[in-house]
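The values are calculated or read from the model by the stated rules, or taken from the named source; none is laboratory data. Model, not experiment: these values are computed from the prediction. For neighbour counting, all protein chains shown are included, and Cβ atoms are generated from backbone atoms with ideal geometry for every residue, glycine included.
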Amino acid sequence: MFSGKPVKPTFKSYLPPVQTELKKSPQITIKKLEAKLLPGEIVVNEVNFTRKCIGADSSQDDLWGKLICTNFKVSFVTHDSLPQQRFQCAHRLLGEHDIPLACVEQVVTVNDIKGKQKVLGSNQKLKFNPTELILYCKDFRIVRFRFDEAGPESAKKVCLAIAHYSHPADPQLLFGFEYVGQHYYGSQGERMNGVDPGGGLQTPMFDRPSDWDREIKRTGAAEWRVCSINESYIVSPSLPEYFVVPASLADQDLKQYACYFTTQRIPLWCWNHPNGSALVRMACISDPLQQRKVDQRICSSITKSHPHRSDVVKADLEKNLPTIQDVQAALVKLKQICVIDPFEESEEKWLSSMESSRWLEYVRAFLRQAVEVVYILDGKQASVILQEEEDRDLNCVVASLVQLMLDPHCRSLVGFQSLVQKEWVMAGHRFLDRCNHLKKNDKEESPLFLLFLDCVWQLLNQYPAAFEFTETYLTMLSDSMWIPVFSTFLFNCPQERAEHSRDFARSKSIALGQEKALRFPPVWDWSQQFSLKDQTLFNNPLYVGKGATSVQNGTVRTFKRTKKNYSSTLRGMPPSLRNGMLGVHDTLPRRSSLVLRLKPDFSQPREPAESPSECFVRDWFSRPPDLQGMLLPQLLPTHLSLWRLYFLRWVPEARIPQGGPITAFHKLSVLTAEIEILKNQLRQYKGGQTPGLTPGGLRAEPSRMYFKATSSSPQVSSTPEYLSSSFPFSPVGNLCRRGILGTPLSKFLNGAKIWLSTETLANETI
């Protein structure tokens with residue numbers, strides 16, 4: 001029945017090879033979704049099978065992944081990639097889908113099956129299982145997550161965790177304390193002071209007398225001195241330990257006068273004009289019985305510091321400028337217009353809506369006030385005292401703008417950073433309260449620093465070659481306010497930083513050694529956030545700095561002011577409207593009122609006489625601007641624009657593919673890079689060196705431009721496909737403007753009158 005030579009079974013010929021193949025092939029594994037954590041960062045809660053909504057009308061582009069809440073951020077981790085996303089400026093502290101908890105303004109949970117929604121606060125309960133989470137962010141983003149396939153309890157827990165950790169009860173619960181404690185005091189060799197912003201130049205912190213001494217010498221303030229009476233903050237808790245005062249004022253007198261000022265904030269020197277006039281800021285005198293005596297003594301000492309003994313002019317900013325609550329209300333309305341209300345078919349409706357927010361009106365008011373101070377300092381050659389109740393809000397904005405207009409050093413990258421460090425951080429601007437990091441008191445919240453950056457952008461937009469930095473730099477600087485790591489935006493004053501960091505170090509048994517407090521990194525250390533390559537996005541290819549050169553008609557020339565006059569663009573305009581220099585009590589004209597102002601009034605035979613400040617402005621505009629001298633902004637409503645990169649970068653409908661200012665920036669950067677290459681080669685040929693090599697045999701310094709010229713493409717290259725008007729940001733995945741169909745929130749996103757408030761949604765809760 002069976003033969004001696006059995007037939008070789010067919011399955012035997014291929015079963016072993018299959019087994020061998022399986023042994024040789026690697027086992028297919030799915031990479032575990034985990035958040036990248038910073039030193040001191042821990043995972044609080046997470047939920048799997050979460051869907052991040054990319055399109056409002058369709059779910060086909062949505063991303064699937066894990067939603068994670070840490071003590072620092074809301075992180076969405078996915079294996080998928082964003083559609084139409086070919087470029088991203090890599091952030092070293094945040095991932096592509098990460099949102100810092102400090103940036104979260106409102107946490108809205110929705111159950112669209114039961115028709116319920118709720119704005120979550122700290123330590124609140126959630127009585128329903130959420131199917132949807134919407135995060136409203138302070139940088140104008142709206143991000144939406146769905147939990148259709150996620151575990152209901154896990155989804156609820158992660159929503160509650162986000163709401164709780166985005167409302168820290170104490171400053172020491174802000175992530176920066178854990179980060180600094182672990183990152184800088186858990187290892188050796190980290191440098192915190194004398195930070196390098198990426199270009200080899202250092203930004204002074206003004207926390208030591210030597211920094212103030214250098215500033216005095218730079219501005220030629222010979223009759224002023226560094227004062228140290230506030231060491232250990234024994235005189236005023238909100239002033240820096242070192243500041244500059246008139247040389248004629250003795251320390252004993254300053255200590256005596258301090259008690260008469262609000263929160264003991266004695267006058268601070270800001271800057272000196274080359275003609276000898278000084279810019280000073282101070283709080284109000286709280287004791288009315290001593291006001292005249294103290295005023296006379298302060299003004300007398302400032303007069304003595306002037307080489308011509310000129311008079312001192314006091315500017316009460318609270319009489320001429322909006323309050324911090326007005327500025328906050330304007331931003332809330334602007335958010336509603338930019339990211340929630342649908343686009344209007346008529347451009348006129350859009351412009352009238354923008355006008356009704358009053359944001360640009362307030363921008364114009366601060367610029368106008370700064371121009372008035374510039375006129376006194378430069379035109380009248382008199383010193384100015386900026387006065388405000390506490391000297392910590394409006395004074396910061398105006399003092400900075402005045403120096404930006406008068407001092408070209410402040411328009412360089414390091415000079416601008418020094419300006420912010422001096423007039424905002426060390427002068428005691430309440431960043432903790434104004435940013436509302438603890439979300440305790442909405443009445444104290446006010447975007448004054450954002451308004452200041454908008455004013456800077458208006459100047460940059462009108463004089464692009466006068467600034468070393470770009471609008472991308474200004475936008476990144478504003479976004480850094482919501483990363484609670486940097487000392488720049490974490491505290492209300494230097495004394496508060498020292499006090500809280502000492503207490504934290506004591507509670508964590510951190511040895512400070514010779515240091516007085518934890519050394520938080522300042523925002524000026526941009527290597528904390530971006531690579532050197534990405535930092536080149538901050539460099540303006542048009543910048544005409546001190547000693548900078550420009551190619552004109554084939555020759556290298558320096559920019560110099562000429563005596564030749566040219567026809568002013570304001571010729572023929574009524575004096576009351578020239579450069580927008582309206583009266584003190586005038587507001588930004590509405591569209592109808594502006595037309596009425598421009599109509600000729602035949603009942604008046606002649607135009608009213610110009611004020612001295614209007615003559616000063618008109619005379620300045622009659623000459624070509626000196627980019628290394630004084631700059632004055634044009635202030636007519638038509639001269640001021642919406643800062644699109646900041647306010648509209650997250651709006652998909654506002655994105656212009658291969659359009660916007662970035663296209664010109666790209667071509668100018670490539671052209672500047674080509675000029676740098678040619679100049680380097682020319683120098684090397686003249687020196688008898690090999691092109692491309694320095695005398696030491698090393699490669700020449702890399703280009704300061706982000707977009708570089710290539711040898712294969714000597715001419716200006718075409719615009720890359722990934723460029724858009726939102727560059728380097730992407731609106732993909734942000735649900736600004738579009739309604740969320742099929743959910744109760746559609747009525748809010750399509751027709752809400754105001755930015756979502758807790759009270760609004762509380763009244764709507766079923």
Matching residues, the range 211-230, being over 28 Å from the mean Cα position of the chain (by Cα) and either surrounded by fewer than 16 Cβ atoms within 10 Å (Cβ to Cβ) or hydrophobic (A, V, I, L, M, F, W, C) (or both): Asp213, Lys217, Gly220, Ala221, Ala222, Trp224, Val226, Cys227, Ser228, Ile229
Strands (runs of 3 or more DSSP E) (entirely within the range 105-151) containing at least 1 residues that are more than 32 Å from the chain's Cα centre (by Cα): 116-120
Residue within the range 370-380 that is within 30 Å of Val104 (Cβ to Cβ) and either in contact (Cβ under 8 Å) with a residue 60 or more places away in the chain or surrounded by 24 or more Cβ atoms within 10 Å (Cβ to Cβ) (or both) present: no
Single match in Gln19, Gln27, Gln60, Gln84 (criterion: surrounded by 11 or more Cβ atoms within 10 Å (Cβ to Cβ) and modelled with pLDDT under 85): Gln84
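Please specify each residue of the range 320-332 satisfying the condition of being in contact (Cβ under 8 Å) with a residue 60 or more places away in the chain and either closer than 18 Å to Asp454 by Cα or exposed (fewer than 14 other Cβ atoms within 10 Å of the Cβ) (or both).
Selection gives Leu321, Ile324, Gln325, Val327, Gln328, Leu331, Val332.
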Close pairs from the range 439-462: first closer than 19 Å to Arg368 by Cβ, partner among the small types (Gly, Ala, Ser) and not in a loop (DSSP other than H, G, I, E, B), Cβ under 7 Å, at least 6 apart: Leu450/Ser478; Phe452/Ser400; Leu453/Ser478
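Given the options Leu133, Leu93, name the one that is crowded, with 22+ Cβ neighbours inside 10 Å and modelled with pLDDT of 95 or more.
On the way: Leu93 fails: crowded, with 22+ Cβ neighbours inside 10 Å.
Result: Leu133 is the single residue among Leu133, Leu93 that is crowded, with 22+ Cβ neighbours inside 10 Å and modelled with pLDDT of 95 or more.
When you scan the range 375-413, how many residues do you find that are among the small types (Gly, Ala, Ser) and in a helix (DSSP H, G or I)?
The initial filter retains those residues of the range 375-413 that are among the small types (Gly, Ala, Ser), namely 379, 382-383, 399-400, 412.
From what is left, the residues that are in a helix (DSSP H, G or I) are 379, 399-400.
Total meeting the criteria: 3.
This table checks each residue for (1) closer than 25 Å to Ala169 by Cα; (2) of a type outside the set (D, E, K, R); (3) touching a Gly at 6+ places or on another chain (Cβ under 6 Å).
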| site | (1), (2), (3) |
| --- | --- |
| Pro408 | no, yes, no |
| Ser418 | no, yes, no |
| Lys422 | no, no, no |
| Gly428 | yes, yes, no |
| Leu438 | yes, yes, no |
| Lys443 | yes, no, no |
| Pro447 | yes, yes, no |
| Asn461 | no, yes, no |
| Ser478 | yes, yes, no |
The range 267-312, residues that are of a type in the set (A, V, I, L, M, F, W, C), in contact with a helix residue (DSSP H, G or I) (Cβ under 9 Å, 6 or more places away or on another chain) and over 20 Å from Leu404 (Cβ atoms): Met282, Ala283, Cys284, Ile285, Val294, Ile298, Val312
Residue list for the range 618-638, restricted to those being touching a helix residue (DSSP H, G or I) at 6+ places or on another chain (Cβ under 6 Å) and in a loop (DSSP other than H, G, I, E, B): Leu627, Gln628, Met630, Leu631, Leu632, Pro633, Gln634, Leu635, Leu636
Of all residues making up the range 179-206, the number that are at pLDDT 50 or above and more than 24 Å from the chain's Cα centre (by Cα): 7
Residue in the range 640-655 that is surrounded by fewer than 18 Cβ atoms within 10 Å (Cβ to Cβ) and closer than 17 Å to Glu721 by Cβ present: no
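Among the candidates Glu348, Glu372, which residue alone is among the acidic types (Asp, Glu), closer than 30 Å to Val544 by Cα and either in a helix (DSSP H, G or I) or out of contact with any strand residue (DSSP E or B) (no Cβ under 8 Å at 6 or more places or on another chain) (or both)?
Details: Glu348 fails: closer than 30 Å to Val544 by Cα.
Of the residues listed, the single one that is among the acidic types (Asp, Glu), closer than 30 Å to Val544 by Cα and either in a helix (DSSP H, G or I) or out of contact with any strand residue (DSSP E or B) (no Cβ under 8 Å at 6 or more places or on another chain) (or both) is Glu372.
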Test for Leu512: is it of a type in the set (A, V, I, L, M) and closer than 27 Å to Glu41 by Cβ: yes
Residue list for the range 109-119, filter: closer than 30 Å to Leu490 by Cα and either in contact with a Phe, Trp or Tyr (Cβ under 6 Å, 6 or more places away or on another chain) or buried (at least 23 other Cβ atoms within 10 Å of the Cβ) (or both): Thr109, Lys118
Tabulated pairs, the range 109-121, first within 22 Å of Lys440 (Cβ to Cβ) and assigned by TED's automatic domain parsing to the domain that holds Lys157, second β-branched (Val, Ile, Thr) and assigned to a loop (DSSP other than H, G, I, E, B), C-beta under 8 angstrom, 6+ apart or interchain: Lys118/Thr765
Criterion violated by Glu390 - all others in (1) buried (at least 23 other Cβ atoms within 10 Å of the Cβ); (2) in contact with a helix residue (DSSP H, G or I) (Cβ under 8 Å, 6 or more places away or on another chain) satisfied: (1)
Residue in the range 404-423 that is closer than 18 Å to Pro447 by Cβ and touching a Ser or Thr at 6+ places or on another chain (Cβ under 8 Å) present: yes
